[in-house]
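Okay, so here's the structure we're looking at.
A short reminder: the numbers here are calculations on the coordinates, not readings from a lab. If you're wondering where the values come from, they're calculated on a predicted model, not measured in any experiment. Cβ placement follows ideal geometry from the backbone for every residue including glycine, while neighbour counts extend to all protein chains displayed.
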Amino acid sequence: MKAEAAFSASFQLWCGKQGYIVLRLNSGKAWEGVLIHHPELGPILIKLRRISMCHTGTSDLLVLMPKGQAVFVETKAGKYKATKEQIAFIRAVRGLGYKAGVIRSIEDFKKIVDPHIKNISCEN
């Protein structure tokens with residue numbers, strides 16, 4: 001498991017222990033089609049078409065917390081930084097009044113959620 005995936009998994013487990021609900025937001029493309037069952041080949045997907053998931057730059061996770069709080073979280077590990085599209089998404093949702101940011105630790109998440117800390121960078 002890559003470092004970012006491992007951190008994301010541990011963060012999601014931590015959120016569960018806090019009683020938060022975490023939604024994984026998948027961006028990019030996927031295939032959609034009709035599933036049929038062929039007697040010899042088994043399940044087959046036909047009439048394939050590419051569909052878009054969440055748009056490019058969407059944060060990795062949406063954390064739902066008590067009292068109607070919603071936090072968009074981009075997880076990063078190692079030398080990796082947020083892309084221009086991810087930074088634009090974070091700024092856009094912040095502009096709508098949501099909390100959002102890049103995290104490399106649970107402490108980073110706590111900084112995003114804490115109302116007393118201002119100007120958290122979205123470029124971690």
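So what's the back-of-envelope 222 nm ellipticity for the chain, counting only DSSP H runs of four-plus at -39500 (n - 2.57) apiece and dividing by all residues, rounded to 500? It comes out at -9000 deg cm²/dmol, rounded to the nearest 500. Applying a DSSP loop filter and a limit of 16 other Cβ atoms within 10 Å to the GluC sites (Glu not before Pro) in the stretch 18-124 leaves E40, E123. Taking each residue as 0.36 nm, the span from V113 to Y98 lengthens on full extension beyond its C-alpha to C-alpha distance by 4.4 nm.
Packing, as the average of other Cβ atoms within 10 Å across residues, places the peptides 14-24, 96-106, 46-56 in the order 96-106, 14-24, 46-56, highest first.
Taking label points 7 Å from Cα along the Cα-to-Cβ direction, W31 and R91 give a separation of 3.7 nm. Residue exposure proxy: D108, D60, ordered by other Cβ atoms within 10 angstrom of their Cβ from fewest to most, comes out as D108, D60. Shown here: Cα extents along the principal axes in Å, derived from the displayed model; of the candidates (1) 35, 30, 28; (2) 62, 33, 31; (3) 50, 43, 25, it corresponds to (2).
Can you check what the net charge comes to around L64, using other residues whose Cβ is under 14 Å from the Cβ of L64 (Lys, Arg +1; Asp, Glu -1)? With Lys, Arg at +1 and Asp, Glu at -1, the net is +3. Placing +1 on the Cβ of every Lys and Arg and -1 on the Cβ of every Asp and Glu, with no other charges, gives the chain a dipole of roughly 280 debye about its Cα centre. Checking the cross-link filter: which lysines have an alpha carbon closer than 21 Å to that of K47, excluding same-chain neighbours under 8 positions apart? Within reach: K29. Of all aspartates and glutamates in the structure, the ones whose alpha carbon falls short of 18 Å from that of K81, not counting any fewer than 8 places away in one chain, are E4, D60, E107, D108, E123. Considering only DSSP beta bridges with both partners in the chain, what is the antiparallel share in %, to the nearest 5? Beta bridges within the chain, antiparallel portion: roughly 75 percent. Modelled label positions at R49 and K17, each set 7 Å beyond Cα in the direction of Cβ, lie 4.5 nm from each other.
Net charge of the neighbourhood of E32, taken over other residues with C-beta under 12 Å away and scored Lys/Arg +1, Asp/Glu -1, is +4.
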